[in-house]
Amino acid sequence: MIKKKRKFRKKQERKKRTSSLEFFPSLFSLLNAFFGFLGIIETMKGKYETSAILILLSWLMDIMDGLIARTLKATSQLGIQLDSLSDSISFGIAPSLLIYSFYLRNVPQGWIIPFLYSAAGILRLARYNVIAINESERHSYFVGLPIPASAILISGIVLLFRNRFSGPLFYGVLSIVLLILSFLMISKIKYPNSKYFQLMKRRNTVFIFILSFLIAIAYVAPHFVVLSLVIPYILFPLFIAFNNYLKRKSLREEVIPDQSN
């Protein structure tokens, strides 16, 4: 009986300790939402570059949230939901409103594609929550493009191009980019997460080569730093997925006998 009571007390103490530690990652999740909210306000004021910077600050808070939760082992169901709700504001609503207000406001029905982006992002977050709740083991990849990567690309476009380009051609290209991002977010293409990069760092020199290449780009052209980081992240899994598709196709052709003989 005494041993059982001790075990029960230890469990209760662990629960209390964990619940108190959960405050720290949750604080950064709320800071993520806070900067996203400020980004929306700045967009409404017409301060588009400030809004883009605030979205990038939200991304940093999102990184800190996950890093602290893993370091303190303070992940929880509440934390998962709070993180996704904050992401929906900072990386779903804020970027779509930014891109609409800055570029597509005067385009006929220009609100449709930004809304599709927001809807795809929210669906992506909802699917992530379902996967995170139902699977106990943490994988080294995300299913679909993470919504922060899409938001970073949008912020990078605003900061890089500003008012340098306009007209139907530019707006058309921008709309296509938003549609591609929307598709990638709800796709089943595997995108690497922090666990994948930890594994790469341990066993593969390719990681070091890629990192060195990106640092070199950032040094030569610092204004491209955001895009130079996020564009390879978005595109590289597409090449892998296409390569895997070609391999599967060639294997099927080898297995299926020639019907003409």
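The values are calculated or read from the model by the stated rules, or taken from the named source; none is laboratory data. Since this is a predicted model, take the numbers as computed values, not measurements. Every residue, glycine among them, receives a Cβ derived from its backbone with ideal geometry; neighbour counts consider all protein chains shown.
Summary table below
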read-out: Segment 61-85, residues that are closer than 19 Å to residue 153 by Cβ and at pLDDT 90 or above; value: 61, 62
read-out: Only one of 250, 182 that is in a helix (DSSP H, G or I), modelled with pLDDT under 85 and either touching a Phe, Trp or Tyr at 6+ places or on another chain (Cβ under 9 Å) or loosely packed, with under 14 Cβ neighbours inside 10 Å (or both); value: 250
read-out: Per-region count, segment 104-130, residues part of a helix (DSSP H, G or I), among the aromatic types (Phe, Trp, Tyr) and either surrounded by 21 or more Cβ atoms within 10 Å (Cβ to Cβ) or free of Cβ contacts under 8 Å to residues at least 40 places away in the same chain (or both); value: 2
read-out: From 122, 180, 131, residue being under 20 Å from residue 231 (Cβ atoms) and not charged (D, E, K, R); value: 180
read-out: Some residue of segment 16-39 being of a type in the set (Val, Ile, Thr) and crowded, with 17+ Cβ neighbours inside 10 Å; value: no
read-out: Any hit, segment 13-31, residues being over 19 Å from the mean Cα position of the chain (by Cα), β-branched (Val, Ile, Thr) and either on the phi > 0 side of the Ramachandran plot or at pLDDT 80 or above (or both); value: no
